[in-house]
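Let me begin by presenting the structure, written as structure tokens, before commenting on it.
The values are calculated or read from the model by the stated rules, or taken from the named source; none is laboratory data. Fair warning: this is a prediction, and the values are worked out from it, not measured in the lab. Cβ placement follows ideal geometry from the backbone for every residue including glycine, while neighbour counts extend to all protein chains displayed.
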Amino acid sequence: MNDITDLFIDILSQHRSIDIADDAFKKMLPDDPELHAAYREWCASNGSSEKNGFIDFCEEYLAEQDSIYDSLSDYNDE
């Protein structure tokens, strides 16, 4: 499996809502033991719970994206 964060980003971009993306991701876990194991490992290495790991990632990812666009806007305003 590719880096699980690529899957997180893909799911988030498909659903455009953290809550809906989280629901879609959590529905995938019971059917894919390999994904569940990778998610469990990702959560452990990132200090997140399995309950909130995907949401934590999404919030951080979106904040980083906003920061990138803010930086570009600041550059264009000069």
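Against the test of being over 15 Å from the mean Cα position of the chain (by Cα), at pLDDT 95 or above and either loosely packed, with under 10 Cβ neighbours inside 10 Å or of a type in the set (A, V, I, L, M, F, W, C) (or both), the options 74, 31 yield a single qualifying residue, 31.
For beta carbons closer than 9 Å, sequence separation of 6+ or different chains, a first residue in the range 15-26 that is without any contact (Cβ under 8 Å) to a residue 60 or more places away in the chain and a second that is small (Gly, Ala, Ser), the qualifying pairs are 15/21; 15/24; 21/13.
The residues of the range 10-24 that are closer than 17 Å to residue 50 by Cα and loosely packed, with under 12 Cβ neighbours inside 10 Å amount to a single one, 19.
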